[in-house]
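J.: My questions will all concern the structure given below.
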Amino acid sequence: MNTIQTLWSQILAAVTIIKLTDVLDILIVTFLIYMVLNLSKSRSAGQIVKVVILLLVLSYASSFLGLNALYFVLSKVLEVGVIALVVVFQPELRRIMERLGGSSLQGILSHRNGAGDSLETLVQTKEACQAMSAGKVGALIVFERQDSLEDYFSTGTVINADVSAELLKNIFFPKAALHDGAVVIRNDRVAAAGCVLPLTENPNLSRELGTRHRAAIGITERSDSLVVVVSEETGVISCAAGGSLRRYMTPETLYEYLKKELTEEETEDTGWLQSVLEKIRREKDGDSHDEK
């Protein structure tokens, strides 16, 4: 009984000495761990992260066991390795900085998809994609969410029109002036067309994927946008989000996916931890549809 009371008093003492700075410290470390996991999405980066973790474990073990020579070597390797990691992860770090720069504090700490898109917008998008898929007309449609895509508007033409299947089909008509670029949809409006998007630098993608698919993946690596792609060669409908590509979607599955991801009902504030879990779920779900 005395042992239990002693243990309980120690627990209470530990709880009482926890300060606000301790909680903040834990949250920051958790956020950094999340960023490291985000960096390790690609296979090459994932292998490097594993090596770094192994070196850290060996460094701690050598210090604990008194292996001074090994600890000295590992500590020097880790010091130099910081610079090497910055060089190796330069593309990924740049993407993270772009994401942080384009997001508000609320967007970083919470999981919101913006104002949400109406069902009519999604219906019109589905009908347009269905027709373009049947006619093998290439299309690239970007749905803006929390992260602003304003910087890409200058590369295209401002439209500011209601979303309709006819408008989308006219924009992507092969002989139209804006058909080679991307359409950006913001708040149920076709904000701009003919926009140039950044291409992904992921070396593990299939060679079958053309410029449209690589641009779709590229913009979702730099923002939280969702992109619909129609292949000009095959008519296959795909969706990109979070740097992953889901292929071979039917018009019906496309509509259900857009409805789940973009409508108002799915945009409730669920907190930062929930956003981490949701992102992991989406990446696992997307990996099963990726073209390796």
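J.: Could you check the range 214-245 and list, in sequence order, the residues that are aliphatic (A, V, I, L, M) and open to solvent by less than 10 Å² (accessible area, probe 1.4 Å)?
T.: 215, 216, 217, 219, 226, 227, 228, 229, 230, 237, 240, 245
J.: Go through the range 223-244 and report how many residues are farther than 14 Å from residue 209 by Cβ and of a type in the set (Asp, Glu).
T.: 1
J.: Just give me the residues in the range 212-244 being under 25 Å from residue 127 (Cβ atoms), outside any strand (DSSP E or B) and among the hydroxyl-bearing types (Ser, Thr, Tyr), in sequence order.
T.: Scanning the range 212-244 gives 220, 225, 231, 234.
J.: Here is a list of conditions, (1) within 14 Å of the chain's Cα centre (by Cα); (2) at pLDDT 95 or above, and residue 220 meets all of them except one; can you say which number that is?
T.: So the condition that residue 220 fails would be (2).
J.: Now a separate question. Is at least one residue of the range 188-199 in a loop (DSSP other than H, G, I, E, B), out of contact with any helix residue (DSSP H, G or I) (no Cβ under 7 Å at 6 or more places or on another chain) and either under 19 Å from residue 136 (Cα atoms) or aromatic (Phe, Trp, Tyr) (or both)?
T.: no
J.: Can you give me the number of residues within the range 200-211 that are loosely packed, with under 15 Cβ neighbours inside 10 Å and part of a loop (DSSP other than H, G, I, E, B)?
T.: Qualifying residue count, the range 200-211: 6.
J.: Here is a further query. Looking at 100, 65, 12, 70 in this structure, which one is at pLDDT below 65, open to solvent by 50 Å² or more (accessible area, probe 1.4 Å) and either over 28 Å from residue 147 (Cβ atoms) or touching a Gly at 6+ places or on another chain (Cβ under 7 Å) (or both)?
T.: After ruling out the rest, the residue left standing is 12.
The values are calculated or read from the model by the stated rules, or taken from the named source; none is laboratory data. All values derive from a computational prediction rather than experimental measurement. When we count neighbours, we look across all protein chains shown, and the Cβ atoms used for this are built from the backbone with ideal geometry, even at glycine. Just the protein is used for accessible areas: all its heavy atoms, side chains included, with ligands, DNA and RNA removed. Shrake-Rupley method; radii C 1.70, N 1.55, O 1.52, S 1.80 Å.
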